[in-house]
1. Can you run down the residue pairs with Cβ atoms below 8 Å, 6 or more apart or on separate chains, where the first is in the range 436-453 and at positive phi and at pLDDT 95 or above and the partner is assigned to a loop (DSSP other than H, G, I, E, B) and crowded, with 20+ Cβ neighbours inside 10 Å?
2. Considering only residues of the range 226-240 that are under 9 Å from residue 195 (Cα atoms) and part of a strand (DSSP E or B), which is nearest to the chain's Cα centre (by Cα)?
3. Test of understanding: among 323, 288, 327, which residue is out of contact with any helix residue (DSSP H, G or I) (no Cβ under 9 Å at 6 or more places or on another chain), buried (at least 21 other Cβ atoms within 10 Å of the Cβ) and in contact (Cβ under 8 Å) with a residue 12 or more places away in the chain?
4. Can you give me the number of residues within the range 383-404 that are assigned to a strand (DSSP E or B) and farther than 17 Å from residue 359 by Cα?
5. Filter the range 588-614 down to the residues that are outside any loop (DSSP other than H, G, I, E, B), under 25 Å from residue 513 (Cβ atoms) and at pLDDT 95 or above and list them by number.
6. Being touching a residue at least 40 places away in the same chain (Cβ under 8 Å) and under 18 Å from residue 445 (Cα atoms) is the filter; apply it to the range 467-482 and report the residue that is surrounded by the most Cβ atoms within 10 Å (Cβ to Cβ).
7. Exactly one of these conditions fails for residue 78: (1) crowded, with 18+ Cβ neighbours inside 10 Å; (2) over 59 Å from the mean Cα position of the chain (by Cα). Give me its number.
8. Residue check: is residue 258 surrounded by fewer than 17 Cβ atoms within 10 Å (Cβ to Cβ), assigned to a loop (DSSP other than H, G, I, E, B) and out of contact with any helix residue (DSSP H, G or I) (no Cβ under 7 Å at 6 or more places or on another chain)?
């Protein structure tokens, strides 16, 4: 039973059994006329001429108001220009009938015949059954309307719904089998006013042979949500007219929206696709759709975008809590935002974030690309091969974009690819970073997929570790107190800098074929494991003073090679000064740097390198004569300071 119906106490006891009407082919019996007094009761015998109507009679109500109660009556037809009030019992017709107004506080109206109400209706609690059509014109208010047995409720005026329309309310006999339908006609207006309780448009299941699955609300006119609460639709909803989600939420919870008209979601309002018990699949048609508010996917819904769609207004947003996005490209434009909670995106197509997005769980599959061109914040996990579709997904953090891995309040963030079976291992899954990837907060992020870094990684807190191999081709900065590294083969062909800890516990440790530049300004960069400096390696050290300079600490063995570059950051050389720039447990194979260079010093400054058992020491071996040094200072030989921290000038050198 629908929540709204049960709340107001409308029950099956008010529904009538259709009795006594003439069978097909029976001759018309008589006209029966209402004669007495206005607003009196149908079941009073003296109100009729020649007597109470029977199943074969046409009933003439004239301009009188009539009240119907406590009986079950079938007639051929009725006609009146004033009002009929039904409070209980049931009234049925077999032929076309008409009224001025209709008021229902209980009871039932129906049968095979059509009923037309020309001046509006008030349906507080009302049931309509049988295969005819009830047409309302004028202004109608519906609180609880129960349809069944093929009944069509057709609005040709302005209908305001304040609680429930149930299109499959009861299953008692053959006349009530099957559901009803609602039609909001062209030019008509249906207002779903949820300001009091929230509204329902549904079809109750009466069992396996009468599920209400065929029930449909068809909108050819204008359908408005008014009031600030939720309108829940659990049936099919076909729109060829205009749907205005003006305020509150229009939620398709197991019901489906077929959109072939105009759909407008106002700022502050929400269009919500939900899955219901059947994990309902929906098709989203962008044609005719204007989104100024929120597009929501929830509760296991599957939403297929039939054409590319861009959400791009400052008041617009995309909200997905569970469920799945499929089909054509979905773009969150520069002015819009997205929230993705346990959100799956699968199949061919690209989901692009150009504005802002936050995700606590993103699952990709079947070739789906998630492309960040704005600012995306991860607070949870990304799985690039979550579902059973063949092939994995990929993530691209584009040039100029920012991806924040935020571990504030989260012990672990992750980027991985679940192995589904032998034919769908996820091994080709890759996170490609061309922009800026920041890990912030005290927690960690673990990466167990391919990760192609062509941009910049900033580890500002906690730790970022790769469970397998990692080859850095971009920039990595590890802040003080943070850790960055890989448990498999670790290579740096880009730039590695900072004041934190670099983890490289594999047999090969870290193999540097790019640039290692310890410090932010100056500082110490520590390595846990081995450090190998290949022939292409560059080590850059800055000197500020005898007490303030860059250092590298290696927890295990070091193999030296490549170029050592010494850069001035304000240091005035003094003959005999020494700087212990690298410390280690052991040095392998007595390797040395192939070249040592320095820049930013006077023309007569010279350095040498001493290779000790557990460190490499830089020595000042020459300084200019005082007069030469002064001239060098005046000529700007050592200026530049922090503003030119990493600038490469002309460099003097000595061979290793």
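The values are calculated or read from the model by the stated rules, or taken from the named source; none is laboratory data. What you see is a predicted model; the values in this text were computed from it and never measured. Here the Cβ positions follow ideal geometry from the backbone for every residue, glycine too, while neighbour counts run over all protein chains shown.
1. none
2. Residue satisfying both the conditions and the ranking: 230.
3. Details: 288 fails: buried (at least 21 other Cβ atoms within 10 Å of the Cβ); 327 fails: buried (at least 21 other Cβ atoms within 10 Å of the Cβ).
Unique residue meeting the criteria: 323.
4. 0
5. 595, 596, 597, 598, 599, 607, 609, 611 - these are the residues of the range 588-614 that are outside any loop (DSSP other than H, G, I, E, B), under 25 Å from residue 513 (Cβ atoms) and at pLDDT 95 or above.
6. 478
7. Condition not satisfied by residue 78: (2).
8. It is false that residue 258 is surrounded by fewer than 17 Cβ atoms within 10 Å (Cβ to Cβ), assigned to a loop (DSSP other than H, G, I, E, B) and out of contact with any helix residue (DSSP H, G or I) (no Cβ under 7 Å at 6 or more places or on another chain).
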